[in-house]
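The values are calculated or read from the model by the stated rules, or taken from the named source; none is laboratory data. Since the structure is predicted, the reported quantities are computational estimates derived from the model, not experimental observations. So basically every Cβ, Gly included, is an ideal-geometry build from the backbone, and we count neighbours across all protein chains shown.
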Amino acid sequence: MSVDGNPDSGEDVGAPLPHETYANAPNLHREMHQVLALGAERDGRRARPVTRPPVDPAAAERAWLLRRAALMDRMALDDPGPGPIDAAAQTAEQLLLYDRRHPHLAAGSHHRDAITPVPSRRLYVRQEYAAWTAAGRPGA
């Protein structure tokens with residue numbers, strides 16, 4: 001992991017590599033659209049489609065936070081400038097804070113506080129995204 005806030009590997013904590021984590025993720029444009037749509041549903045600016053089954057509100061909130069953090073991580077990997085890296089670190093921190101309040105929703109093998117330096121929180125996002133997709137994307 002580099003110290004500039006752009007971690008490329010998670011070997012020191014066993015986090016999956018970015019290309020492994022996001023191998024089956026939607027392309028960035030599609031994921032951005034989906035995350036924005038989920039945010040609009042979350043904020044009440046858009047109604048949730050009736051065709052989808054009801055979900056646990058805490059799980060749905062976490063899925064949105066996780067997808068947003070993963071999207072920002074992917075964008076920072078593509079453009080490792082200070083703006084994208086800062087956005088990725090901020091959204092990773094928001095996910096981590098949520099998981100502290102809702103520990104039953106976290107699914108990765110490493111505890112959320114095991115990855116302590118703030119830039120490394122992106123490793124936590126990758127771990128949780130990989131676990132979330134392996135579990136069938138609950139709350140989505």
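If the condition is being surrounded by fewer than 24 Cβ atoms within 10 Å (Cβ to Cβ) and modelled with pLDDT of 90 or more, then segment 120-131 contributes A130, A131. For segment 95-119, how many residues are surrounded by 14 or more Cβ atoms within 10 Å (Cβ to Cβ), modelled with pLDDT of 85 or more and part of a helix (DSSP H, G or I)? Here the count works out to 5.
Is it the case that segment 20-38 has a residue that's modelled with pLDDT under 85 and either more than 17 Å from P84 (Cβ to Cβ) or loosely packed, with under 13 Cβ neighbours inside 10 Å (or both)? Looking for residues that are modelled with pLDDT under 85 and either more than 17 Å from P84 (Cβ to Cβ) or loosely packed, with under 13 Cβ neighbours inside 10 Å (or both), one finds none in segment 20-38, hence no. Going by the conditions given, is A58 within 18 Å of R122 (Cα to Cα), modelled with pLDDT of 90 or more and not polar (S, T, N, Q)? For A58, the condition - within 18 Å of R122 (Cα to Cα), modelled with pLDDT of 90 or more and not polar (S, T, N, Q) - is not met. Determine whether segment 79-93 contains at least one residue that is at pLDDT below 90, part of a loop (DSSP other than H, G, I, E, B) and exposed (fewer than 15 other Cβ atoms within 10 Å of the Cβ). No, that holds for no residue.
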